[in-house]
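The values are calculated or read from the model by the stated rules, or taken from the named source; none is laboratory data. None of the values given here were measured: they were computed from a predicted structure. Every residue, glycine among them, receives a Cβ derived from its backbone with ideal geometry; neighbour counts consider all protein chains shown.
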Amino acid sequence: MAMRLFRAIGSQGSRFAWEVKDGDRPFTCPSCGVSVEHVNSYITKGEDARLRREVPACFRLTKGESHKDTCSHSVPGAVSILMRESEAVEDRAEPEFEVDRGQIKFRLNIPTVIAKKVKAASSEESFGQRTGRILKEGRLDNFVRSAVGLAQIWNAIEGSNERSQLSELVKIADRSKELSWSRFFYSPKSYPTLLKSLKDGGRSVAVLVSINEIYESAGDDEISLVHCSSVVLDAKTNTQVAPSLWIPNGLAERLVVNAQYIAFGFWRETKPNEWESQDKTRKILYRNVTLNIERAAQFARVLVPSEDDLEA
Ligand SMILES: [Zn+2]
């Protein structure tokens, strides 16, 4: 008996089960190197519309082989993983996408004090107790404790050959809420959707921004205003969605102009402003979406550009 694997090492390097192409064979276990084989996804209980579901592609042990006892995919290995402390995405070189009941869930553990407008977590929802509860339920979720972890997930998803398939599987859990990747993570292409979703006061989400200009304040407040690249909302009325960040000067120093970042926290819509050219022939209305950054955990640079970014 052994656990199913969703990632294995093929002749061309590491592959997710849903990425496999001809010529990737043979495969071995990424943890102990034993031989494994690829199983295609299939439909189970296809005859019953209510029970019908797709079983995702995976790898299984080649007949007659077994994982080493210390391997994380052997049963003793899996039990020891269940009993050890939960591991954050940040602790690994690359996030592992373990499909569980068709989903890959990452639990946010970024202190949401960040968001003053969000109700403080009850003691029931403190991280220690959450971990305990997950253990009691017999399963440990992956968790993410900073934007660095979000950036790692982003890089792994956007860099994958099966980007859309993978992003459909990924869910982000924030306290009692669970969001699909597309409802949590906004790249420039989805800024208009983000703006709409902030209508009722704002939300804790992650936004991919490209830094345009940083205005350091000379005053006592030591807060910088960071303008990020905007996208067109309505070409007819010349309206754009413009993200900006308020960030302590000390943290703003770490930002690089023209680089891309994931900025996580409580995003809200702020007052729009209009720009007019000197000869008054051109006008742009900026619909502003804003994030106050209070700690370094809220932003991280991403390495893999988004698909829509390449089109731009
Ligand atoms: Zn193994």
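Brief remarks follow.
- Contact map, the stretch 99-110: residues that are in a strand (DSSP E or B) paired with residues that are modelled with pLDDT of 75 or more and basic (Lys, Arg), Cβ distance under 8 Å, separation 6+ or inter-chain. Pairs shown: 103/171; 104/171; 105/171; 106/171.
- Residue 268 within 21 Å of the chain's Cα centre (by Cα) and either at positive phi or charged (D, E, K, R) (or both): yes
- Contacts under 7 angstrom Cβ, first residue in the stretch 4-33 being more than 15 Å from the ligand (Cβ to nearest atom), partner part of a helix (DSSP H, G or I), 6 or more apart: 18/165
- Some residue of the stretch 55-66 being within 22 Å of residue 160 (Cβ to Cβ), at pLDDT 80 or above and away from the ligand (no atom under 16 Å from the Cβ): yes
- Number of the condition not met by residue 200 [criteria: (1) crowded, with 16+ Cβ neighbours inside 10 Å; (2) out of contact with any helix residue (DSSP H, G or I) (no Cβ under 7 Å at 6 or more places or on another chain)]: (1)
- Boolean, residue 190 is at pLDDT 80 or above and either among the polar types (S, T, N, Q) or more than 23 Å from residue 89 (Cβ to Cβ) (or both): yes
- Residue satisfying condition, being more than 10 Å from the chain's Cα centre (by Cα), farther than 29 Å from residue 17 by Cα and crowded, with 18+ Cβ neighbours inside 10 Å, within set 146, 217, 224: 224
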